[in-house]
Amino acid sequence: MSEFLDPTDSPSVNTIDLETVVGSTYYSGDDSTRRTLSRRNGEFEGVKMGNTSSMLTQYDIEEVQGHCQDLFEQQEILSLYQRFCQLDRNSKGFISSDEFLSVPEFAMNPLSQRLLRMVDGLNFKEFVAFLSAFSAKASLRQKVKLIFKVYDSNCNGKVSSKDIMEVLRDLSGSFMSDEQREQVLSQVMTEAGYTSDSFLTLEDFIKVFGSCKPEMDVEIPVD
Amino acid sequence: MSNTAGKLVTSKSELDLDHPYIEDYLPSGSTIDEPRGKLSLRDLLDISPTLTEAGGAIVDDSFTRCFKSNPPEPWNWNIYLFPLWCFGVVVRYCILFPLRCFTLAFGWFIFLSTFIPLHSLLKGHDRLSKKIERLLVEMICSFFVASWTGVVKYHGPRPSIRPKQVYVANHTSMIDFIVLEQMTPFAVIMQKHPGWVGLLQSTILETVGCIWFNRSEAKDREIVARKLRDHVQGTDNNPLLIFPEGTCVNNNYTVMFKKGAFELDCTVCPIAIKYNKIFVDAFWNSRKQSFTMHLLQLMTSWAVVCEVWYLEPQTIRPGETAIEFAERVRDMISLRAGLKKVPWDGYLKYSRPSSKHSERKQQSFAESILARLEAK
């Protein structure tokens, strides 16, 4: 399902090459003042980017907003676009792992490798959708869903004790022995009514979190 | 800044010795009260503090901000400003630029025609030839500054050449060196560059006594430290200028100062440099532009306007470590030039942070879990 910009939509579209609107080949945009937000598999949306990076059109912003369920305001999406362009150094249309790791605060985070798997290679729309769970307007379900996805590394919809163990290992490193981790895990699982063979689904996660929303809000700086 | 010798077994890697406890500066992810009481499944599954920190880092981080060059706001967006801007472009590229190139070429001509004979003739008279060489280098730097229509205002007493003195300044571009050199013949410590800049470095700047280092070489650090010490002890050497940030920053922030310059047992004279961005953004983003392009950009702008403040010389106080001394001087420079301080090592531009930082987070997490495991 590829989305094309309607050529009659706005004046800024006129400068887009016919290629990018019609063709299905990957347009890598070697002209530094233009870029397409392209997916790796060849579908894309054409967006013009001038020298100042806030050249998203209203159409693009609304599209991105729709994709992230309106959790961000238009100004926030513009700020995120500036940030995306800043991190994506050679204007490929996605941010590589290396570029994420060049942010020292991110590289220092114990969960960086897990998050990298989820966030590597996303185009801008998907990037905003990923970050939407951090919006203050996101519901409990949306936030817990992100936490669930971090645990569920093989994306099969189920989180096993082994998955929880692995995340615990990432978080505690060499400062807890495996036996201590086993002990903690079995204690809390048994108390919550699960065994070591149980699988937790998203619904189980939501039940565990109850009515208390996890504090996971990130403010997008709007200059 | 308190010494962290107590809590953690520090890994003695070189990068770590350079800066104080980063966590003192960084906003702590969990400002929520540490939950007490029995451990529940929710506590284990709730990774939101760590996730929030990661999310915050993706959205905005203080390190990347230091190297961001904001493109100037376009002001030529309407019907009468646009021709004015076009006229300006014509003036800059077709009138000013050739004039400047000519000035620079003229300056080089004078310089080379005096320098080369001098170098070969006055072999015996070391003191005299050194003095003339210094004057010549000052002259060519003035020509460089003129070729960008540099307007530099110097504040504060001019540095006197005395032994056991080191100058430190904040770093925005290689032109910092040229701007300072036109006043005083400093010997600077720089990264060895390839190309024509490297050629200049190895021929002309050698005469002023510059020291080279190579960021990518691991053992380089000790060699450079020794060279620094030798230079400062020598009586007849030019005053040493060091840029302790180690990399070019965008003149809105300062990154952590490397302590090498502050443990040489001398007086440290801070210099603050601030460029006026209205005329041109002098930040040299070495990843985006080569130095030649950067110079050309400067030569085709209206002017390079900056202010240089020579601040009061400082010595290390009794009981102060080199790192604390470096931070104190950095405070002075940041305050004077109106720059914000950031707790990051400039070399993180080229390498990843050491695992020590994530280990610290892991340790505090592990400790809190284990403490609650005990508390039944």
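The values are calculated or read from the model by the stated rules, or taken from the named source; none is laboratory data. Predicted model, so just to flag it, every value in this text is computed and none were measured. When we count neighbours, we look across all protein chains shown, and the Cβ atoms used for this are built from the backbone with ideal geometry, even at glycine.
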Quick one: is A:ARG83 of a type outside the set (Phe, Trp, Tyr), under 15 Å from the mean Cα position of the chain (by Cα) and not assigned by the TED database to the domain that holds A:ASP152?
yes
Tell me the helices (runs of 4 or more DSSP H) entirely within region A:110-223 that contain at least 2 residues that are closer than 23 Å to A:LEU71 by Cβ.
A:112-119, A:124-131, A:140-151, A:202-209
Between a residue in region A:158-177 that is outside the structural domain of A:SER112 (by the TED database) and free of Cβ contacts under 8 Å to residues at least 40 places away in the same chain and any residue that is in a helix (DSSP H, G or I) and of a type in the set (S, T, N, Q), which pairs come within a Cβ distance under 7 Å, given they are 6 or more apart or on different chains?
A:SER172/B:GLN362; A:PHE175/B:GLN362; A:PHE175/B:GLN363
Residue count for region B:185-215, restricted to those that are of a type in the set (Phe, Trp, Tyr) and without any contact (Cβ under 8 Å) to a residue 40 or more places away in the chain
2
Quick one: would you say A:SER132 is crowded, with 16+ Cβ neighbours inside 10 Å, within 15 Å of B:ASP43 (Cβ to Cβ) and either in the same structural domain as A:GLN113 (by the TED database) or not hydrophobic (A, V, I, L, M, F, W, C) (or both)?
no
Region B:336-353: number of residues that are crowded, with 18+ Cβ neighbours inside 10 Å and within 9 Å of another protein chain (Cβ to nearest Cβ):
5
Hey, among the residues in region A:63-86 that are touching a residue at least 12 places away in the same chain (Cβ under 8 Å), outside any loop (DSSP other than H, G, I, E, B) and more than 14 Å from chain B (Cβ to nearest Cβ), which one's surrounded by the most Cβ atoms within 10 Å (Cβ to Cβ)?
A:VAL64
Could you check, for region A:145-156, whether at least one of its residues is surrounded by 20 or more Cβ atoms within 10 Å (Cβ to Cβ), facing chain B (nearest Cβ under 10 Å) and either farther than 22 Å from B:LYS361 by Cα or at pLDDT below 90 (or both)?
no
Residues being more than 20 Å from B:LEU264 (Cβ to Cβ) and surrounded by fewer than 16 Cβ atoms within 10 Å (Cβ to Cβ) - total across region B:301-330:
2
Filter result for A:ARG89 (over 20 Å from A:ASP170 (Cβ atoms) and assigned to a helix (DSSP H, G or I))
no
Single condition B:THR172 does not satisfy, out of (1) buried (at least 16 other Cβ atoms within 10 Å of the Cβ); (2) at pLDDT below 90; (3) assigned to a loop (DSSP other than H, G, I, E, B):
(2)
Hey, A:LEU140 closer than 16 Å to B:ASP46 by Cα and either within 11 Å of chain B (Cβ to nearest Cβ) or under 19 Å from the mean Cα position of the chain (by Cα) (or both) or not:
yes
Among the candidates A:SER112, A:SER132, A:SER96, which residue alone is small (Gly, Ala, Ser), within 11 Å of chain B (Cβ to nearest Cβ), out of contact with any Lys or Arg (no Cβ under 7 Å at 6 or more places or on another chain) and over 23 Å from A:VAL222 (Cα atoms)?
A:SER112
Looking only at residues that are out of contact with any Gly (no Cβ under 7 Å at 6 or more places or on another chain) and acidic (Asp, Glu) in region B:322-376, which one is farthest from B:VAL308 (Cα to Cα)?
B:GLU374
Restrict the check to region B:71-82 and report whether at least one residue is touching a Lys or Arg at 6+ places or on another chain (Cβ under 9 Å) and modelled with pLDDT under 90.
yes
So if I check each of B:ILE316, B:ILE323, which one is within 30 Å of B:ARG158 (Cα to Cα), free of Cβ contacts under 8 Å to residues at least 60 places away in the same chain and in contact with a helix residue (DSSP H, G or I) (Cβ under 6 Å, 6 or more places away or on another chain)?
B:ILE316
In region B:106-134, which residue that is modelled with pLDDT of 85 or more and loosely packed, with under 12 Cβ neighbours inside 10 Å is nearest to the chain's Cα centre (by Cα)?
B:PHE109
Take the residues in region B:32-52 that are touching a helix residue (DSSP H, G or I) at 6+ places or on another chain (Cβ under 9 Å) and more than 16 Å from A:VAL144 (Cα to Cα), then tell me which one is modelled with the lowest pLDDT.
B:ILE32
Are there helices (runs of 4 or more DSSP H) fully within region B:45-95 with at least 3 residues that are free of Cβ contacts under 8 Å to residues at least 40 places away in the same chain and more than 12 Å from chain A (Cβ to nearest Cβ)? List them.
B:81-90
Looking across region B:318-351 at residues that are assigned to a loop (DSSP other than H, G, I, E, B) and among the polar types (S, T, N, Q), the single one that is nearest to the chain's Cα centre (by Cα) is B:SER351
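Yes/no per residue for (1) assigned to a strand (DSSP E or B); (2) exposed (fewer than 14 other Cβ atoms within 10 Å of the Cβ); (3) more than 15 Å from the chain's Cα centre (by Cα):
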{"site": "B:TRP212", "(1), (2), (3)": "yes, no, yes"}
{"site": "B:GLU222", "(1), (2), (3)": "no, yes, yes"}
{"site": "B:LEU228", "(1), (2), (3)": "no, no, yes"}
{"site": "B:VAL232", "(1), (2), (3)": "no, no, yes"}
{"site": "B:ASP236", "(1), (2), (3)": "no, yes, yes"}
{"site": "B:THR254", "(1), (2), (3)": "yes, no, no"}
{"site": "B:CYS269", "(1), (2), (3)": "yes, no, yes"}
{"site": "B:LYS274", "(1), (2), (3)": "yes, no, no"}
{"site": "B:ILE278", "(1), (2), (3)": "no, yes, yes"}
Consider B:SER364 against the criteria (1) of a type outside the set (Phe, Trp, Tyr); (2) assigned to a helix (DSSP H, G or I); (3) more than 11 Å from chain A (Cβ to nearest Cβ); (4) without any contact (Cβ under 8 Å) to a residue 12 or more places away in the chain: it satisfies all of them except one. Which criterion is unmet?
(3)
